[in-house]
Amino acid sequence: MKLMYITSTLPYGGMEAFFIPEIHRLTSAGVDVVLLPMWPRGGVMHLDAADLVHHTVREPVVSRAILGGAARAMARRPAGAAFAVARAVSTWRPRIAGKNLAVSAKGLWAGHLARSLAVDHIHVQWAASTATLGWIASQVAGIPWSFTAHRWDIEEDNLIRRKAADAAFVRVISDKGAAQLRWLGVPAPKIAVIRMGVEVPEAPHPAAQPARRPLSLVTAANLLPKKGHVFLVRAIADLRARGVEVRADFAGGGPMREELQRTVSQLGLEGAIRLLGVVPHQELLDRLAQGEWDAMVLPSEVEGIPVSLMEAMARGIAVVGTEVGAIDELLSGGAGVIVPPRDTAALAAAIERLADPGVRAEMARAGRKRIEASFSASASFDGLLKALNGGDRP
């Protein structure tokens, strides 16, 4: 099978590392992957994505090549191409129409490219304008397509029901996401619940024992307001004021960095909180496996099912998440601690609970079992490959 796999930016930038294991699995299984980032911005920031560049067609949203390919697609099927673009912008919501119009030329070009490369199927990550690009490409090329919907992109509802009607299947990564799609009018037979999976190391690092160091935390998320970093900063300040020794590393970059650094300084936490910036994906996994941190905390106000928590759990690290999105599907039953979002006191209490090595060890075992049972890369890949090959929906 030759598969065109459309992302937002991967293999470039630092935002989509959680797709890397899936693409590696596809290529290892003999699928000929053509990786097409919608917005190929920045350099390769994750070492384990470096080899994906050889599978990538890098072209900006608008360029001479894009406009030329779009013109050729229009010339080959003028009515079909015009109809595809018209469908993409036929919405009463100006913002959605504008986003879709912005990628329409690249969608026409991608359809021309897919035909010239004899692509068998187009699969898109994200249900928003990225899926619009793939939808247009599918229509002008006459090639089957599908897309993965995550969380915010479902809530945005960028013509999801129309896209689903033309798609071979719509993948969602959680039961909650499937329920949301049904509420939007997507027929249940179109929906495939195939979770994002992570690689599970054979021998996870044992839970760290607290003898000689403070409780060591890490949070791995882009520095955006919705990720809730400020609540973790406040929780750590509260704990240290009560004599609980704890430190944390923030792995990730983003627009909140300066504001967070000011807050850390104002609270006198320079020695307790480090802003590491973007940590390459493989480096982060290696440091988790080596037991550098005792627990991972993700204090998000908005999430789907965070892959960073899955990766920590797979490596025997206890985790704390918030009661948002479908995190309960990942952490229920003792596989992790779930706290309300924006609740500094509850977050501090959860972290203090993890100061007990016995609690951490028990949670780490339960978390590892949850990943093995429901969130492994092998199970996820098997489900996706079956769907791509037209098998019964999982």
* To do: State which residue is nearest to L133 (Cα to Cα) when the search covers only region 2-40 and only residues that are over 17 Å from the mean Cα position of the chain (by Cα) and assigned to a loop (DSSP other than H, G, I, E, B).
  => V31
* **Options R257, R315, R262; residue that is within 30 Å of V172 (Cα to Cα) and of a type in the set (K, R)** => R315
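Residue-wise test of (1) touching a helix residue (DSSP H, G or I) at 6+ places or on another chain (Cβ under 6 Å); (2) of a type in the set (F, W, Y); (3) over 29 Å from A168 (Cβ atoms); (4) surrounded by fewer than 19 Cβ atoms within 10 Å (Cβ to Cβ).
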site: P340; (1), (2), (3), (4): yes, no, yes, yes
site: D343; (1), (2), (3), (4): no, no, yes, yes
site: L347; (1), (2), (3), (4): yes, no, yes, no
site: R365; (1), (2), (3), (4): no, no, yes, yes
site: K369; (1), (2), (3), (4): no, no, yes, yes
site: E372; (1), (2), (3), (4): no, no, yes, yes
site: S380; (1), (2), (3), (4): no, no, no, no
site: L384; (1), (2), (3), (4): no, no, no, no
site: G390; (1), (2), (3), (4): no, no, no, yes
* Which pairs do you get when a residue that is over 18 Å from R257 (Cα atoms) and assigned by TED's automatic domain parsing to the domain that holds A355, found in region 221-245, comes within reach of a residue that is part of a loop (DSSP other than H, G, I, E, B) and basic (K, R), reach meaning Cβ atoms under 9 angstrom, with the pair 6+ apart or on two chains? -> E245/R213
* Asked: Restricting to helices (runs of 4 or more DSSP H) lying wholly in region 56-145: which have 2 or more residues that are under 25 Å from I194 (Cα atoms)?
  -> 129-141
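Quick grid of which residues meet (1) within 25 Å of L3 (Cα to Cα); (2) in contact with a Phe, Trp or Tyr (Cβ under 8 Å, 6 or more places away or on another chain); (3) modelled with pLDDT under 95; (4) surrounded by 17 or more Cβ atoms within 10 Å (Cβ to Cβ):
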{"site": "E59", "(1), (2), (3), (4)": "yes, yes, no, yes"}
{"site": "V62", "(1), (2), (3), (4)": "yes, no, yes, no"}
{"site": "N100", "(1), (2), (3), (4)": "yes, no, no, yes"}
{"site": "V103", "(1), (2), (3), (4)": "yes, no, no, yes"}
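For region 51-61, check the following and say yes or no: at least one residue is over 16 Å from L108 (Cα atoms), in contact (Cβ under 8 Å) with a residue 40 or more places away in the chain and among the aliphatic types (A, V, I, L, M).
Within region 51-61, one or more residues are over 16 Å from L108 (Cα atoms), in contact (Cβ under 8 Å) with a residue 40 or more places away in the chain and among the aliphatic types (A, V, I, L, M).
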* Asked: For region 158-187, how many residues meet the condition of being assigned to a loop (DSSP other than H, G, I, E, B) and aliphatic (A, V, I, L, M)?
  -> 6
* Asked: Taking interchain pairs and intrachain pairs at least six residues apart, which have beta carbon atoms under 8 angstrom, with the first residue in region 337-355 and part of a loop (DSSP other than H, G, I, E, B) and the second surrounded by fewer than 19 Cβ atoms within 10 Å (Cβ to Cβ) and not hydrophobic (A, V, I, L, M, F, W, C)?
  -> P340/E323; P341/E301; P341/E323; R342/E301; A355/P210
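Looking only at region 71-95, which residues are among the hydrophobic types (A, V, I, L, M, F, W, C), under 30 Å from the mean Cα position of the chain (by Cα) and over 23 Å from L10 (Cβ atoms)?
A84, V85, A86, V89, W92 - these are the residues of region 71-95 that are among the hydrophobic types (A, V, I, L, M, F, W, C), under 30 Å from the mean Cα position of the chain (by Cα) and over 23 Å from L10 (Cβ atoms).
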* To do: Please tell me if G271 is over 29 Å from E156 (Cα atoms) and touching a His at 6+ places or on another chain (Cβ under 6 Å).
  => no
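The values are calculated or read from the model by the stated rules, or taken from the named source; none is laboratory data. These numbers were taken from a predicted model, which means no experiment stands behind them. No Cβ is skipped: glycine too gets one built from the backbone with ideal geometry, and neighbour counts run over all protein chains shown.
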